[in-house]
Amino acid sequence: MPTPQLTRLVDEQNTTWQRMLAIRSAAEAESRDLTAEERTNWDAAETRLTEVSGDIDRLNRMAGLENIDRSQIITAGGRENEDRGTDEEADRRYREAFARYMRRGMDGLLPEQRQLLMEHEVDVRAQGTGVDTSGGFLVPDEFRNELTETMKAFGGLLGLANVITTSTGADLPWPTNDDTGNEGEILGENQPASELDLTLGQRKLKAYTFSSKQTRVALALLQDSAFNLDQWLPKKQGERIGRRAARAFITGTGTDQPEGITTNATVGKTGLAGQVTSVIYDDLVDLEHSVDSAYRATSAYLMNDSMLKVIRKLKDTQGRPLWVPIPAPGFPATINGFTYHLDNSMPTPAASAKSIAFGDFKAGYIIRQVLDVQMLRLVERYAEYLQVGFLSFARLDGMIDDSAAIRLYQHPAS
């Protein structure tokens, strides 16, 4: 449900936009340039519009983080209904033991809690391979879920792509296929059907380790029960992993790291000479139609915020802005009728940069995440500062899945 603040900002955004349109319409009606006063008013309105749009994006992102549905947490191995009560009690006891470990370390655990953490490690390692054995413990489901949701908030593509979750980090063979160029046939009477096999390729999804880097927390905060460590820490470390993973999903080379969406996706439109930092209306139309119509109904734009700023100034052939602000809370802003998403790991407008992606990202890009997220507690390293370090690891991979579903806009070299 939209908050009063969000409703107010949406109203201000739309009012400001209408004021800018009125300024431009007055000049166009008289076939003249903007006066000095109109230019000043336009620039002030545009500055405020950018600020308000940013505030709206932040509020929507915060709302997504605050409304994590923990009832949808998927745990490795599954659960039988008749054992639900027993499993939930075991999960609760593990969460309590892990939370106490975060605050007090192994020495602060009760004997049964220490045993519970150690048994859980052994049990999980028996089920899969690739789990780090350097002394960390697997984080509880709530911790992992909040870390994942925070990563999504900081990487637009992670929230759009097809994300699969595995319980181990073993290489995962993944079939690939592009059958958009093939079609069926009309059979004549008593005529046999011809053959046309599906051509399947195969690639492997791996599990690259992404580190949060070390987060230091003062002992005084750890000892303060009012400090919500269980939520603060996964958010901070999720932000760090999310930013690095987002960059890999956009520009990764595919060698010892994920394959970025701009690395091997097909360029659907290249701008004309001179458009090294710009794009025109016709370019966006060409980009949209470079994606097969079978995908276009579920397609969207993905870009850097600096590219959005350029597009917001564009008009179609009838003089209507391509960017349409939010009509009301709960409705998305659009570009040329398509929703858009921001991922600041996307390249900024520059010579030869692939600054816009368009298509069905759920069909076109796949992300693999491994459930086994671990956290290390570093005590001795920062003892003289009266601090404790925490270090989390998440294992992820990503690659182009259906190459026909996504196309890129590339600026010319000069």
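The values are calculated or read from the model by the stated rules, or taken from the named source; none is laboratory data. Bear in mind the structure is a predicted one, so any value in this text is a computation, not a measurement. Reconstructed Cβ throughout: ideal geometry from the backbone, glycine too, with neighbour counts over all protein chains shown.
Tabulated results
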| read-out | value |
| --- | --- |
| Given (1) closer than 15 Å to Leu308 by Cβ; (2) among the hydrophobic types (A, V, I, L, M, F, W, C); (3) outside any loop (DSSP other than H, G, I, E, B), number of the condition Met375 does not satisfy | (1) |
| Test: residue in the stretch 336-352 that is touching a His at 6+ places or on another chain (Cβ under 9 Å), hydrophobic (A, V, I, L, M, F, W, C) and at pLDDT 95 or above | yes |
| Which numbered condition Asp401 misses (of (1) on the phi > 0 side of the Ramachandran plot; (2) buried (at least 22 other Cβ atoms within 10 Å of the Cβ)) | (1) |
| Subset of the stretch 292-308 [in contact (Cβ under 8 Å) with a residue 24 or more places away in the chain and loosely packed, with under 15 Cβ neighbours inside 10 Å] | Ala294, Thr298 |
| Residue within the stretch 282-296 that is within 24 Å of Gln18 (Cβ to Cβ) and either in contact with a strand residue (DSSP E or B) (Cβ under 9 Å, 6 or more places away or on another chain) or basic (Lys, Arg) (or both) present | yes |
| Among the candidates Leu110, Leu49, residue that is loosely packed, with under 13 Cβ neighbours inside 10 Å, hydrophobic (A, V, I, L, M, F, W, C), modelled with pLDDT of 70 or more and not assigned by TED's automatic domain parsing to the domain that holds Leu205 | Leu110 |
| Residue within the stretch 223-234 that is in contact with a Gly (Cβ under 9 Å, 6 or more places away or on another chain) and part of a loop (DSSP other than H, G, I, E, B) present | no |
| Boolean, Gly130 is in a loop (DSSP other than H, G, I, E, B), farther than 30 Å from Asp197 by Cβ and modelled with pLDDT of 70 or more | no |
| Evaluation of Leu396 against (1) at pLDDT below 95; (2) farther than 20 Å from Asn145 by Cβ (one fails), failing number | (2) |
| Answer residue from the stretch 217-230, given it is surrounded by 12 or more Cβ atoms within 10 Å (Cβ to Cβ) and either among the polar types (S, T, N, Q) or touching a residue at least 12 places away in the same chain (Cβ under 8 Å) (or both) and is nearest to Glu142 (Cα to Cα) among those | Asp230 |
| Arg368, sole failed condition from (1) among the charged types (D, E, K, R); (2) modelled with pLDDT of 90 or more; (3) surrounded by fewer than 20 Cβ atoms within 10 Å (Cβ to Cβ) | (3) |
